[in-house]
Amino acid sequence: MNARTVCAFGLLAVSVMPWGSGWANDGTPGSVERGRYLVTIGNCVGCHTARFIALDGKVPEDTWFTGSPLGFRSQTGTTYAPNLRLYFQELSEDAWVAVARTAPYRRPMPGWSLRVMTDDDLLAVYRYIRSMGPKGDRAPDFLPPGQEPPRPYIELPTPPSQ
Ligand code: HEC
């Protein structure tokens with residue numbers, strides 16, 4: 001078997017193998033399934049769904065991304081992970097790709113994750129969450145510094161040392 005034949009076999013193997021495993025990733029750029037995979041490995045769902053972390057992710061999927069009442073309090077105010085099921089209904093795909101990379105996210109939203117995502121991956125995230133349809137209420141609004149948030153909230157280090 002010469003190098004060329006080996007190479008042809010390699011290509012054949014790659015083309016008949018499923019791209020990922022099961023539901024995790026159907027390999028189609030920008031697909032809903034790819035979005036579901038990304039928001040799970042990126043832990044978007046952990047913060048943007050009430051009690052998801054406390055219940056080790058054992059939360060019905062139809063309640064994912066309905067936002068969380070858990071506050072993140074720091075010297076810059078208290079933030080809440082918004083309800084993305086509502087958020088994405090009000091935004092076009094193009095607007096999302098632009099805003100995802102430029103929004104001035106406050107702690108602890110990992111803006112750095114969104115800023116390095118490819119257009120296809122940003123669109124996959126958008127399409128998955130939007131395909132779930134609107135559900136739930138708005139998360140609490142941002143509270144400015146000095147305003148006492150209701151419980152529950154997590155206190156972030158002040159000054160930011162971590
Ligand atoms: C550690 C918790 C946490 C994780 C993980 C997280 N978020 Fe957030 N997210 C937040 C919080 C808190 C806010 C509100 C930030 C603010 O008030 O500025 C937010 C805000 C947002 C917003 C609204 C931005 C805007 O324009 O106002 C979007 C969209 C969003 N997150 C998407 C995501 C996606 C997609 C992921 C996964 C890559 C993710 N988040 C992961 C906590 C988190």
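Residues in segment 116-155 that are within 19 Å of residue 76 (Cβ to Cβ) and among the β-branched types (Val, Ile, Thr): 154 alone.
What number of residues within segment 54-76 are in contact with a Phe, Trp or Tyr (Cβ under 6 Å, 6 or more places away or on another chain) and not aliphatic (A, V, I, L, M)? Let's see the steps before the verdict.
Initial filter on segment 54-76 (in contact with a Phe, Trp or Tyr (Cβ under 6 Å, 6 or more places away or on another chain)): 59, 71, 73.
Then drop every residue that is not not aliphatic (A, V, I, L, M), which leaves 71, 73.
Qualifying residue count for the region: 2.
Pairing residues of segment 134-147 that are more than 23 Å from residue 158 (Cβ to Cβ) with residues that are in a loop (DSSP other than H, G, I, E, B) and of a type outside the set (A, V, I, L, M), at Cβ distances under 7 Å and at least 6 apart in sequence or on separate chains, gives 135/66; 136/66; 136/83; 137/83; 138/83. From the list 4, 34, the one residue that fits, being on the phi < 0 side of the Ramachandran plot and at pLDDT below 95, is 4.
The values are calculated or read from the model by the stated rules, or taken from the named source; none is laboratory data. As the structure is a prediction and not an experimental result, all values here were calculated from the model. We place every Cβ from the backbone using ideal geometry, glycine too, and count neighbours over all the protein chains shown.
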